[in-house]
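Undergrad: Encoded as structure tokens, here's the structure I'll be asking about.
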Amino acid sequence: MTNTTTHLTRLRTRLLSAAYANADFWTQRSALLTDQALAALADRDPAAAEDLAHRQTDPDFLNDTRVLGAAIQAGIDTSHWEERRDKIRDYARETDWLNTGTDPDTEAKRLWASLYDHYPAIAQALAAFLTGLPPTWNEDLFTRTYLFPAPNGPAKPQLPGPETAPYDEQSWEDCPACAEAQDSCRFHKGVNAGMGYQADLIKTLLSDHQAIEYVQQRHCELEARAAQSATTDTNTSTTQ
């Protein structure tokens with residue numbers, strides 16, 4: 001059976017579905033405006049719109065010559081573009097440029113130097129913020145606070161557990177995002193962190209006597225409160 005769907009229809013379907021389903025507001029807006037521009041072109045020159053859609057759905061390699069040629073044809077000054085692109089790449093490298101085995105100290109120095117060179121005011125504010133951290137900053141930020149602190153010990157704020165998505169998702173073996181990142185994507189990292197967090201809680205409840213006593217005491221309190229509430233409801237029904 002021959003597929004008679006035009007390239008223009010396929011492209012507009014993708015744009016409108018992105019405008020409807022994407023979670024990012026600016027992606028939604030850009031997709032809708034692009035679709036409107038494409039529809040306007042189709043009304044004026046259907047052949048040109050179909051050709052444009054065909055090149056979009058079957059793209060060839062994009063190079064600087066094509067981009068700069070189109071900009072010059074449109075009368076746009078591109079003399080500062082190369083310098084601007086170099087600065088952007090120096091400051092915010094793409095994820096795949098950064099080796100996963102990069103030494104943290106080396107990368108920290110690079111990030112600080114880049115921030116200092118491009119945004120000195122932010123670098124100054126960051127330095128002041130870091131200077132003002134308490135002596136326990138390492139424990140507060142990078143270790144998990146014990147769930148049940150000792151009764152006579154210092155009170156510590158309880159850190160929230162890792163967040164995992166409340167829906168089912170395909171396994172990491174078939175996840176395009178994991179394949180693109182060549183690592184676990186953010187969703188699956190959250191799933192793994194959440195599973196580890198839950199496992200730690202279960203181990204604590206099975207092995208820590210203080211945690212067991214706390215849970216049993218809390219369970220008794222909830223049962224007593226439920227029984228009291230049921231008694232109150234019964235008495236209220238009897239008096240009516």
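Undergrad: Given the condition modelled with pLDDT of 80 or more and either of a type in the set (Gly, Ala, Ser) or surrounded by 14 or more Cβ atoms within 10 Å (Cβ to Cβ) (or both), answer yes or no: does some residue in the stretch 171-179 qualify? Let's see the steps before the verdict.
TA: First pass over the stretch 171-179, keeping only residues modelled with pLDDT of 80 or more: none.
No, that holds for no residue.
Undergrad: Here's a follow-up. When the stretch 190-232 is examined, which residues are found to be in a helix (DSSP H, G or I), open to solvent by less than 100 Å² (accessible area, probe 1.4 Å) and acidic (Asp, Glu)?
TA: Within the stretch 190-232, Asp200, Glu221 meet the criteria.
Undergrad: If you take just the helices (runs of 4 or more DSSP H) that sit entirely in the stretch 5-72, which of them hold at least 2 residues that are basic (Lys, Arg)? Talk me through it step by step, then tell me what you get.
TA: On the way: elements: 7-21, 25-44, 46-57.
Per the criteria, 7-21, 25-44.
Undergrad: Starting from residues that are open to solvent by 100 Å² or more (accessible area, probe 1.4 Å) and either part of a loop (DSSP other than H, G, I, E, B) or within 17 Å of Leu68 (Cβ to Cβ) (or both), keep the ones in the stretch 78-88 and report whichever is modelled with the lowest pLDDT.
TA: Start the filter on the stretch 78-88 by keeping residues that are open to solvent by 100 Å² or more (accessible area, probe 1.4 Å), which leaves 82-84, 87.
Cutting the leftovers down to either part of a loop (DSSP other than H, G, I, E, B) or within 17 Å of Leu68 (Cβ to Cβ) (or both) gives us 82-84.
On the way: Glu82: 86, Glu83: 85, Arg84: 81.
Among those residues, the one meeting the criterion is Arg84.
Undergrad: Pairs please, first residue from the stretch 69-81 and touching a residue at least 12 places away in the same chain (Cβ under 8 Å), second anywhere and assigned to a helix (DSSP H, G or I) and surrounded by 10 or more Cβ atoms within 10 Å (Cβ to Cβ), Cβ atoms under 9 Å, 6+ apart in sequence or on different chains.
TA: Trp81/Val67; Trp81/Leu68; Trp81/Ala71
Undergrad: Scan Thr27, Thr9 and give me the residue that is loosely packed, with under 15 Cβ neighbours inside 10 Å, under 15 Å from Asp51 (Cα atoms) and either out of contact with any Gly (no Cβ under 9 Å at 6 or more places or on another chain) or touching a residue at least 24 places away in the same chain (Cβ under 8 Å) (or both).
TA: Working: Thr27 fails: under 15 Å from Asp51 (Cα atoms).
Sole residue among the options that is loosely packed, with under 15 Cβ neighbours inside 10 Å, under 15 Å from Asp51 (Cα atoms) and either out of contact with any Gly (no Cβ under 9 Å at 6 or more places or on another chain) or touching a residue at least 24 places away in the same chain (Cβ under 8 Å) (or both): Thr9.
The values are calculated or read from the model by the stated rules, or taken from the named source; none is laboratory data. The shown structure was predicted, so the numbers you read here are calculated from the model rather than taken from an experiment. For neighbour counting, all protein chains shown are included, and Cβ atoms are generated from backbone atoms with ideal geometry for every residue, glycine included. Just the protein is used for accessible areas: all its heavy atoms, side chains included, with ligands, DNA and RNA removed. Shrake-Rupley method; radii C 1.70, N 1.55, O 1.52, S 1.80 Å.
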